[in-house]
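Please read the structure below before turning to the comments.
The values are calculated or read from the model by the stated rules, or taken from the named source; none is laboratory data. The shown structure was predicted, so the numbers you read here are calculated from the model rather than taken from an experiment. Here the Cβ positions follow ideal geometry from the backbone for every residue, glycine too, while neighbour counts run over all protein chains shown.
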């Protein structure tokens, strides 16, 4: 396994339990070291209509040689959303499933997803990916348009 | 004692006053009256605000000369299935000259191709009260 210089190592699950998931937002500018110990795989709809429930399913692969705690956070157009579970104990080489859903806003969105690993003292941002979901516009259609009555007020 | 006859007559008058004319019945109004034109339709698609336009005019050789009209914004909800709507516009008739057989039209302006409907010869407009040939026809002792 490649270990980059200067990056905190993930803590083995036996050493410490995270008190909670990551509280920080993902940092789009922090691409260095992305995906060293985790890799994001997932699926999201390419388009959704306004108000439709959008579900993001991701699988985070543990690239470390031992079990580690992994968490996932997400954001679309500046709106943070949470994945479930808050974090997971993922075996070496295994994939941890995470899921999130939100209501599609009335415009196209770019969804950013970050994976994190627990160092024993903090959550460290590791991999990042993004996906665009287009607003599905339903074709306007009228039926039976007619004057039902007219009267003098 | 209750006057059944008076109640009935009053009730009928009220009902007639508030009753809309169904297409293609004739409606007679005075210049300056307001005509309420009601429409019904079904819609499916994305949420949007559209413009209902109701008009009174004269059609000549297929061309509609719109003399009086009124518009109103209507909010349509997003739906994948057809949803029924009703709406109305109140059209002032002060710009219309007294005459018979005016035509009416209604449409959603942004989707006129799907919605334009026309009904001919349904509005008669009366002018100000007029007297003609007023004269003394005779005089006698009673």
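Only one of B:107, B:118, B:26, B:42 is within 12 Å of chain A (Cβ to nearest Cβ), under 13 Å from residue A:142 (Cβ atoms), touching a residue at least 12 places away in the same chain (Cβ under 8 Å) and within 18 Å of the chain's Cα centre (by Cα). Can you tell me which?
On the way: B:118 fails: under 13 Å from residue A:142 (Cβ atoms); B:26 fails: under 13 Å from residue A:142 (Cβ atoms); B:42 fails: within 18 Å of the chain's Cα centre (by Cα).
Of the residues listed, the single one that is within 12 Å of chain A (Cβ to nearest Cβ), under 13 Å from residue A:142 (Cβ atoms), touching a residue at least 12 places away in the same chain (Cβ under 8 Å) and within 18 Å of the chain's Cα centre (by Cα) is B:107.
Restricting attention to region B:54-68, does a residue exist that is more than 8 Å from chain A (Cβ to nearest Cβ), surrounded by 10 or more Cβ atoms within 10 Å (Cβ to Cβ), closer than 30 Å to residue A:48 by Cα and without any contact (Cβ under 8 Å) to a residue 24 or more places away in the chain?
no
Against the condition in contact with a strand residue (DSSP E or B) (Cβ under 7 Å, 6 or more places away or on another chain), surrounded by 15 or more Cβ atoms within 10 Å (Cβ to Cβ), modelled with pLDDT of 95 or more and facing chain A (nearest Cβ under 8 Å), how does residue B:36 come out, does it pass? Lay out the reasoning, then the answer.
Values: in contact with a strand residue (DSSP E or B) (Cβ under 7 Å, 6 or more places away or on another chain): yes; surrounded by 15 or more Cβ atoms within 10 Å (Cβ to Cβ): yes; modelled with pLDDT of 95 or more: yes; facing chain A (nearest Cβ under 8 Å): yes.
Yes; evaluated as a whole, the condition is true for this residue.
So that you can scan it fast, the table gives a plain yes or no per residue for (1) touching a helix residue (DSSP H, G or I) at 6+ places or on another chain (Cβ under 9 Å); (2) under 20 Å from residue A:140 (Cα atoms); (3) part of a loop (DSSP other than H, G, I, E, B); (4) more than 11 Å from chain A (Cβ to nearest Cβ):
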| residue | (1), (2), (3), (4) |
| --- | --- |
| B:51 | yes, yes, no, yes |
| B:75 | no, yes, no, yes |
| B:84 | no, yes, no, no |
| B:96 | no, no, yes, yes |
| B:125 | no, no, no, no |
| B:129 | no, no, yes, yes |
| B:133 | no, no, yes, yes |
| B:141 | no, no, yes, yes |
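Assuming residue A:138 fulfils every condition listed in (1) at pLDDT 95 or above; (2) within 17 Å of residue B:47 (Cβ to Cβ) apart from one, which condition is it?
Of (1) at pLDDT 95 or above; (2) within 17 Å of residue B:47 (Cβ to Cβ), only one is false for residue A:138: (1).
Considering only region B:72-89, state which residues are surrounded by 13 or more Cβ atoms within 10 Å (Cβ to Cβ) and touching a residue at least 24 places away in the same chain (Cβ under 8 Å). Let's see the steps before the verdict.
Of region B:72-89, the ones surrounded by 13 or more Cβ atoms within 10 Å (Cβ to Cβ) are B:72, B:74, B:76-79, B:82-83, B:85, B:87-89.
Those that are surrounded by 13 or more Cβ atoms within 10 Å (Cβ to Cβ) and touching a residue at least 24 places away in the same chain (Cβ under 8 Å): B:74, B:76, B:77, B:78, B:79, B:82, B:83, B:85, B:87, B:88, B:89.
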